[in-house]
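Visitor: I am attaching a structure below and will ask some questions about it afterwards.
The values are calculated or read from the model by the stated rules, or taken from the named source; none is laboratory data. This one's a predicted model, so the numbers in the text were calculated from it and none came from an experiment. Positions of Cβ are generated from backbone atoms using ideal geometry, with glycine treated the same way; all protein chains shown enter the neighbour counts.
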Amino acid sequence: MQNGSGLQLRLLFCCVLLLFAVVGGRSITNAADSCPTAADEIATDRPDVTNSSLVVPVGSLQAENGVDWSAQHGSNVIDGTNSRLRLGVAHCTEFLIDVPNYFTLLNGPRSSGFSNVVVSFKRQFAVPFGFNLSAAAGMGFPSGSNIPGSGYQPYIQFPWSHRITGGWSVEGMFTVMWFPSDSSRNPTFEPTLSVERELRPFADMFIEYVGDYYHHRPAQLIDGGGAWRFGKIQQLDFHLGFGLNSSTVDHYFGIGYSFRLDGLFGGQLSNSP
């Protein structure tokens with residue numbers, strides 16, 4: 001990593017630690033009251049790119065899975081299982097693992113192989129004016145086949161959401177990523193903005209914008225889809241989208257299934273999928 005990128009990395013990680021310490025320490029009671037419990041319905045990071053601003057309840061394990069088909073520059077690829085495991089390890093705090101995902105090339109010049117494993121922590125904060133905010137920091141480890149790039153890949157991320165009225169809500173996320181083995185991509189900024197409409201208490205639809213920006217070479221796409229929750233702890237979802245320029249995917253479609261297990265820290269499971 002270049003000296004400038006290394007300095008940016010250290011400064012931004014210091015900002016994350018400061019945010020955890022200052023905002024998290026303002027009111028532990030209020031923060032805990034605003035965070036989900038086992039009585040709340042499942043809230044997932046999928047199917048949109050914008051991750052949930054809510055953490056999983058303490059003592060709960062949530063498994064989010066999916067399969068995608070995508071087309072880009074003459075290649076067709078199927079990848080799965082897109083599995084993310086989220087464990088509530090403390091009030092308003094979760095531990096995440098992105099399991100290596102396998103990309104199967106159907107045709108074209110791209111290659112098949114596994115993605116890297118990614119390990120992260122996420123903390124939800126108590127903020128005013130009806131907003132939900134969390135911060136995550138993690139690291140991709142070079143365990144795959146260089147599908148997302150080689151080497152270690154740290155990132156920091158800030159998902160947020162705000163319910164408007166009449167079942168409408170707006171969500172967004174700002175992520176900063178580093179690719180030490182590819183200095184031309186350092187740092188990469190990824191802003192997202194999503195508008196969501198609740199159709200029923202157990203179903204919703206969304207549309208979002210996603211952009212990856214580095215060295216004036218943006219990759220931008222439009223994503224949309226929906227989710228159907230049943231039994232509070234299970235969810236079926238789908239999403240589809242298309243790229244806005246040649247730097248990203250042409251189009252894609254995916255489906256997914258998620259579930260949550262509660263009461264894992266010394267208590268009985270309060271529900272089952």
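Visitor: Of all residues in the range 195-210, how many are modelled with pLDDT under 95 and of a type in the set (A, V, I, L, M)?
Guide: Counting residues in the range 195-210 that are modelled with pLDDT under 95 and of a type in the set (A, V, I, L, M) gives 1.
Yes or no, residue by residue, for (1) closer than 17 Å to residue 46 by Cβ; (2) of a type in the set (D, E, K, R); (3) touching a Lys or Arg at 6+ places or on another chain (Cβ under 9 Å):
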| position | (1), (2), (3) |
| --- | --- |
| 135 | no, no, yes |
| 159 | yes, no, yes |
| 164 | no, no, no |
| 174 | no, no, no |
| 214 | no, no, yes |
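Visitor: Of the numbered conditions (1) part of a loop (DSSP other than H, G, I, E, B); (2) surrounded by fewer than 18 Cβ atoms within 10 Å (Cβ to Cβ), residue 179 satisfies every one except a single condition; which is it?
Guide: Condition not satisfied by residue 179: (2).
Visitor: Also: Picking from 156, 222, which residue would you name as being farther than 21 Å from residue 56 by Cβ and of a type in the set (Val, Ile, Thr)?
Guide: One residue alone meets the criteria, 222.
Visitor: Of the residues 212, 250, which single one is surrounded by 15 or more Cβ atoms within 10 Å (Cβ to Cβ), more than 18 Å from the chain's Cα centre (by Cα) and more than 29 Å from residue 91 (Cβ to Cβ)?
Guide: Sole residue among the options that is surrounded by 15 or more Cβ atoms within 10 Å (Cβ to Cβ), more than 18 Å from the chain's Cα centre (by Cα) and more than 29 Å from residue 91 (Cβ to Cβ): 250.
Visitor: Only one of (1) under 27 Å from residue 161 (Cβ atoms); (2) more than 13 Å from the chain's Cα centre (by Cα); (3) among the small types (Gly, Ala, Ser) is not met by residue 71, so which one is it?
Guide: Unmet condition: (1).
Visitor: Give just the number: which of (1) more than 21 Å from residue 65 (Cα to Cα); (2) more than 19 Å from the chain's Cα centre (by Cα) does residue 203 not satisfy?
Guide: (1)
Visitor: Against the condition assigned to a strand (DSSP E or B) and on the phi > 0 side of the Ramachandran plot, how does residue 82 come out, does it pass?
Guide: It is true that residue 82 is assigned to a strand (DSSP E or B) and on the phi > 0 side of the Ramachandran plot.
Visitor: So which of 225, 263 is closer than 25 Å to residue 136 by Cα, in contact with a Pro (Cβ under 7 Å, 6 or more places away or on another chain) and in contact (Cβ under 8 Å) with a residue 12 or more places away in the chain?
Guide: Exactly one residue qualifies, and that residue is 225.
Visitor: Ok, one more. Could you grab me the full set of residues in the range 138-157 that are part of a strand (DSSP E or B), among the hydrophobic types (A, V, I, L, M, F, W, C) and either modelled with pLDDT under 90 or surrounded by 20 or more Cβ atoms within 10 Å (Cβ to Cβ) (or both)?
Guide: The answer is 156, and nothing else.
Visitor: Could I ask something else about it? Just to check your reading of the model, which residue among 192, 188 is touching a strand residue (DSSP E or B) at 6+ places or on another chain (Cβ under 7 Å), under 29 Å from residue 61 (Cβ atoms) and surrounded by 14 or more Cβ atoms within 10 Å (Cβ to Cβ)?
Guide: Residue meeting the stated conditions: 192.
Visitor: Being touching a residue at least 60 places away in the same chain (Cβ under 8 Å) and touching a helix residue (DSSP H, G or I) at 6+ places or on another chain (Cβ under 9 Å), is that true of even one residue in the range 101-122?
Guide: So far as the range 101-122 goes, no, none of its residues is touching a residue at least 60 places away in the same chain (Cβ under 8 Å) and touching a helix residue (DSSP H, G or I) at 6+ places or on another chain (Cβ under 9 Å).
Visitor: What number of residues within the range 95-111 satisfy the criterion of being part of a loop (DSSP other than H, G, I, E, B) and under 13 Å from residue 70 (Cβ atoms)?
Guide: Residues in the range 95-111 being part of a loop (DSSP other than H, G, I, E, B) and under 13 Å from residue 70 (Cβ atoms): 3 in total.
Visitor: Still on this structure, please answer the following. In this structure, does residue 238 turn out to be within 25 Å of residue 73 (Cα to Cα), in contact with a Gly (Cβ under 9 Å, 6 or more places away or on another chain) and of a type in the set (Phe, Trp, Tyr)?
Guide: yes
Visitor: For the range 56-96, what are the residues that are more than 14 Å from residue 259 (Cα to Cα), crowded, with 21+ Cβ neighbours inside 10 Å, aliphatic (A, V, I, L, M) and touching a residue at least 40 places away in the same chain (Cβ under 8 Å)?
Guide: 58, 96
Visitor: Which residue out of 242, 253, 179, 206 is over 25 Å from residue 135 (Cα atoms) and in contact (Cβ under 8 Å) with a residue 24 or more places away in the chain?
Guide: Of 242, 253, 179, 206, the one residue that is over 25 Å from residue 135 (Cα atoms) and in contact (Cβ under 8 Å) with a residue 24 or more places away in the chain is 253.
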